[in-house]
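First up is the structure itself, then whatever we jot down about it.
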Amino acid sequence: MNTASSQPDWILPQLDSTATRALAETLSSPVPIAGLLVSRGIADATAAQHFFHPTLADLYSPLLMLGMRPAVARIQQAIAASEPILIYGDYDVDGTTATVLLKTAIERLAPKDNPAKVTYHVPHRIREGYGMQTGILAAAAASGVRLVISVDTGIRAFAAADEAKALGLDLIVTDHHLPDDAVGVPEAVAVINPAQHDCPYPNKNLCGAAVAFKLAHAILLSAAESSADPQAELARLNNKLIPSFLKLVAIATVADSVPLVGENRAIVAIGLRELRNPVQPGLRALMQIAEIPLDRPPTATEVGFRIGPRINAAGRMDIASDVVELFLTRDETRATQLAQKLDQLNNDRRATEALALTAIEAQLAAMRNPDESFPAGCIVLDDPDWHRGVLGILASRVVDRTGRPALVLTHEDGQAHGSGRSIAGFHLLDALTAIHPASVAEPVAVFTRFGGHAHAVGFSLPSVNLPLLRSRMETHAMPLLSSPLLSPPRQCDAELTIPDINQTFMDWLNRCGPFGIGNPEPLFASFDLSLVAPVRILKDKHICLTLTQNGSPVPVNALGWSRRIDWRRLAEDLSLQPGSRIDIVYRLKEKTNPRYPGLDLELVELRPAFTTTK
């Protein structure tokens, strides 16, 4: 066994080997799988079986959420009186799917001879920006709307809430973004947000679509319980409707990068199962154009990297209401047209992103220290030519390349618009909150608006305030961004040997998913591997290594893809050649081409082999 614990930069969990082996024997699983479960707090067979088989019983009652009962009562009143209802959404995956979910649920409750009058508004990212606009509310009131329900937005919409009240509109806010604790929540019939003060709902990390789903679930549950045959209606709700709704909730939960633990993991697991061979034409067309097989459930990775970006592309590059239409239409031809449009918009987004990344690479190159590291603070980049629709993606790319929190901005008509992404341990929304206010010493407030979460924010400010943003952010961030935060040791989940790596192990690993924040895809370490073939260079920057261990007769391929590491240069610096001995950290991947089945190792780090002991 390798003495990996003596290497402080790669850390393996210290587990009770007797307990781990006992769990492995009980489950008939590989020992590293049992170790993975134990390290994630799953210490016995009962908990493991529950973890492997999430069900609807893992979902909390929507009635636990503060504001839910008055919201349900007001929607029921609107349906009974045939009042026009406006759903005010947002332009990303979370907001568009939330719009579809709530509209569908409300329309199901109205009698067929008197259908509900439900319209929706999804804002244009460039023309309107994020959040509810008073002009849209005024137009809604003039058209006869009397109830407005926000989804994935509204928790800081104080001006909009005041305008709604002045116009005679009742407002229900459903959101998941963090409220402003200093001023509370907007005045409304009900505010439904598990993150608000005094809300007893146990899961504080729902995405916006999941909060909207909770409201949908509550009104459907109320209707079932008051029906002529409650038992039959409740069975139909639990066996058919709720699992069907979870398809879109799962997509939004994955795309919004909320922690995939507890209820969220159950939502995604059930939703992914329901996405196998979907009937709704829009979902089916989107999966087909994303080249996701329909004969099996998609993985969370496929949802995150193939479905999510195509949905988001509509709001980033054009009109997000196309997504709502895609998921509502029953016309297969129209669904195909819309899916193709989203696919083209995603291609446009990728081209726009690539162009901006060229400029970003130049700015980052100018910032690098002589040792190729980056300054310790938050990185702030701006360019008036960058498209507002890709700023969040660009910020994520900067974080990937630098390991630093990043704010990325563009400029238009004297205003700077930006998005930010962070690293573990640095609360980005708290940082913006701290640097924003005016004071006697600094009499200028920084932002026009801002909001978000610990790891992702959006904001705008006068362009002339950019130097102020940079200086205040540096002052705030530098004391917090310590070396351990910027260069944390690599936490590995288990050590594997080459013989451990087989399809049986991969099948067990798949059962531990879906993976995401809170339940991350496991990182494995293998030590003292031998390179048995020359390094292959792929697309001039990636590498493929053919490795074996202790004379194992079946070698494995290890692929280095990530942008953060120059794999070709690393291989040259280490003079890798047949016979070289290395240690690696990697993720385990199934090959996607059915003609060439098997497993690959996706490299995260590699180094010359450390001295081993037997």
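Bear in mind that the values in this text are calculations on the coordinates, not laboratory data. All values derive from a computational prediction rather than experimental measurement. Glycine gets a Cβ as well: all are built from the backbone with ideal geometry, and neighbour counts include every protein chain shown.
Expressed to the nearest 5 percent, the antiparallel share of DSSP beta bridges inside the chain is 60 percent. Mean separation of Cα pairs under 8 Å and 6 or more residues apart, divided by the residue count, gives segment 477-614 a relative contact order of 24 percent. The label-point distance for Arg511 and Val261, in a model that sets each label 7 Å from Cα toward Cβ, rounds to 2.3 nm.
Taking one equal scatterer on every alpha-carbon of segment 403-494, how large is log10 of I(q)/I(0) by Debye at q = 0.16, 0.17, 0.20, 0.24 1/Å? Those come out to -0.66, -0.73, -0.96, -1.27, one per q. The separation of segment 215-258 from segment 383-403, counted between C-alpha centres, amounts to 37 Å.
The calculated P(r) of segment 37-111, using every Cα pair and 5 Å bins from 0, goes 3, 11, 14, 15, 17, 10, 9, 9, 6, 4, 1 in percent.
Across segment 413-556, the mean sequence separation of Cα contacts (distance under 8 Å, 6 or more residues apart), normalised by length, yields a relative contact order of 18 percent. Label-to-label distance, His124 versus Glu442, with points set 7 angstrom from Cα along the beta-carbon direction: 3.6 nm. Taken one residue at a time, the phi angles of segment 551-557 give Karplus couplings (6.51, -1.76, 1.60, θ = phi - 60°) of x, 3, x, 10, x, 10, 9 Hz. Gly and Pro are set to x. Looking at segment 94-197, the GluC sites (Glu not before Pro) that sit in a DSSP loop and have at most 15 other Cβ atoms within 10 Å of their own Cβ are Glu128, Glu187. Helical runs (DSSP H, four residues minimum) scored at -39500 (n - 2.57) apiece and divided by the length of the chain put the mean residue ellipticity at 222 nm at -12000 deg cm²/dmol.
Excluding residues on the same chain fewer than 8 positions from Lys214, give the aspartates and glutamates whose Cα lies under 17 Å from its Cα. Answer for Lys214, where 17 Å is the Cα cut-off: Asp58, Asp94, Glu107, Asp152, Asp175, Glu225, Asp256, Glu263, listed by chain and number. Using 0.36 nm per residue and subtracting the Cα-Cα separation, the extra length available between Asp198 and Ile537 on full extension is 116.4 nm. Given R0 = 25 Å, the distance between the Cβ atoms of Ala359 and Leu574 translates into a calculated FRET efficiency of 0.20. Helices assigned as whole DSSP H runs in the chain whose Cα atoms extend at least 24 Å along their own long axis and whose mean Kyte-Doolittle hydropathy is 0.5 or higher are found at 93-109, 208-225. Sequence-distant contacts, meaning Cα pairs under 8 Å at least 6 residues apart, place the relative contact order of segment 62-257 at 27 percent. Shape summary: segment 275-357 maps onto an equivalent ellipsoid whose semi-axes, from the alpha-carbon gyration tensor, are 21, 16, 9 Å in decreasing order.
Taking each residue as 0.36 nm, the span from Ala22 to Asn114 lengthens on full extension beyond its C-alpha to C-alpha distance by 27.0 nm. Sorting the segments 252-265, 335-348 by their mean number of nearby beta carbons within 10 angstrom, highest to lowest, gives 252-265, 335-348.
Between Asp331 and Leu15, residue separation times 0.36 nm minus the direct Cα-Cα distance comes to 108.3 nm.
Expressed per residue, the C-alpha convex hull volume of the chain stands at 173 Å³.
Around the amide H of Arg536, modelled in the peptide plane, lie the amide H atoms of Cys544, all under 5 Å away and 5 or more residues distant in sequence or on another chain. The modelled label-to-label distance between Ala80 and Leu294, using points 7 Å beyond Cα along the C-beta direction, is 4.3 nm.
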